[in-house]
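Below is one structure, written out as structure tokens; comments come after it.
The values are calculated or read from the model by the stated rules, or taken from the named source; none is laboratory data. The shown structure was predicted, so the numbers you read here are calculated from the model rather than taken from an experiment. Using ideal geometry, Cβ is built from the backbone for each residue, glycine included, and neighbour counts are taken over all protein chains shown.
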Amino acid sequence: MRNYLKNKNIFFPIDKNFIRDKRLKIFKKTFGRINVFAKNKRHRGNILASVNKFKIIDCENCNFIHSWPIPSKQDLDNFYEKQFYESNRKKDYFSNQKRQIKWWDKIFLNRLEKFEDIIKKKGSIIDVGCGPGFFIKTAQKNGWKAHGIDPSPSVIKIAKQKLKLKNVKIMDYQDLVYEKKKYDIIYSNGVIEHIADPKKFLNILYKILKKRGILFLSAANDFNIFQYMSLKTTKKPWWIVPPEHINYFRVSDINKVFNKKKFKIKYLNTTFPIEVFLLMGDNYVKNKKLGKLSHFKRTAFEKNFEKLEMLNYREQIYKNFSDLGLGRAIEVIVQKK
Ligand SMILES: [Zn+2]
């Protein structure tokens, strides 16, 4: 049974030995438990939060945190096709990313280098949930054969019109089961949080991956201790956003998501723990301008390592954060056995 910390009516699972301070109030019980059987699957675990009509549970069967109920396919289709990229939160998505393209390009190139180090060549890539296609563009420019799929017609339109991409199409990941082609690399950035059935998602990706091929996943690192501490400032759990995010991954849970018989973990790290700005008093959850400023400071911090060619040292710093369960996003590379 897990232990929890509580702040502002949100419970946070804690890993053994991370926090030894006896003065901290550690909980064994949360708001209650859920134990349900739906679509041939049992979901049971402690309730960590209630947001809108959703309960967020620390599911002991899935081994990660997810919402209950899990939205239906119809609910999700409706949400993504009509609301997601048109919503206020995502309205500036394209222009924001375009403005930061230099910064993103460096991230993309760094990831591509990691892939090449593992498979020893520039192979075929499919970007599952490609959005407007910035990664595909960079990969293609650097000699990779890159394709992309996304269920949202509006972003595929942007990818074709604004980025002049040809190898992108409107497609739900579930239709990849009919795919005959196998890939050297599957790239999926910030998608698994949105998927109703992550295990099915990984099984399908496994099928379209070549032997010794690699899968790159990045996911938000949620219910981390800096978020717990930041709730004092923000008052509300800004990262809990069902039905947009159905699943919430922690560094110590992400390992358990991969079937060890199928995949070998080659790389696991987190990105800059952006919540430090909240802890220093910049409430970027409330104030969008502070959000931009925090991002700017973060990139300035990271550039120091680039200028001095100390990227490896930067990775080690983040590795130490990730060992403590900290960092804004989890990045993982697994290889098909
Ligand atoms: Zn579950």
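Structure notes:
- Among strands (runs of 3 or more DSSP E) entirely within the range 155-244, having at least 1 residues that are surrounded by fewer than 17 Cβ atoms within 10 Å (Cβ to Cβ) singles out 168-170, 209-220.
- One residue from V168, V191 being in contact with a Cys (Cβ under 9 Å, 6 or more places away or on another chain) and at pLDDT 95 or above: V168
- Residue, surrounded by the fewest Cβ atoms within 10 Å (Cβ to Cβ), within the range 103-136, restricted to residues that are within 18 Å of the chain's Cα centre (by Cα) and assigned to a loop (DSSP other than H, G, I, E, B): G129
- The single condition among (1) within 16 Å of the ligand (Cβ to nearest atom); (2) not in a loop (DSSP other than H, G, I, E, B) that Y4 does not meet is (1).
- F263 being at pLDDT below 95 and within 30 Å of L205 (Cβ to Cβ): no
- First in the range 55-81 and over 14 Å from K41 (Cα atoms), second anywhere and of a type in the set (G, A, S) and within 16 Å of the ligand (Cβ to nearest atom), Cβ under 6 Å, 6 or more apart: I56/A49; I56/S67; I57/G45; D58/G45
- Failed item in (1) free of Cβ contacts under 8 Å to residues at least 24 places away in the same chain; (2) touching a Gly at 6+ places or on another chain (Cβ under 9 Å), with N203 passing the rest: (2)
- Restricting the range 9-32 to residues that are surrounded by fewer than 17 Cβ atoms within 10 Å (Cβ to Cβ) and under 26 Å from the mean Cα position of the chain (by Cα), the residue that is nearest to the ligand (Cβ to nearest atom): D15
- Across the range 41-62, the number of residues qualifying as buried (at least 18 other Cβ atoms within 10 Å of the Cβ), over 18 Å from A196 (Cβ atoms) and either near the ligand (Cβ under 7 Å from one of its atoms) or of a type in the set (A, V, I, L, M) (or both) comes to 2.
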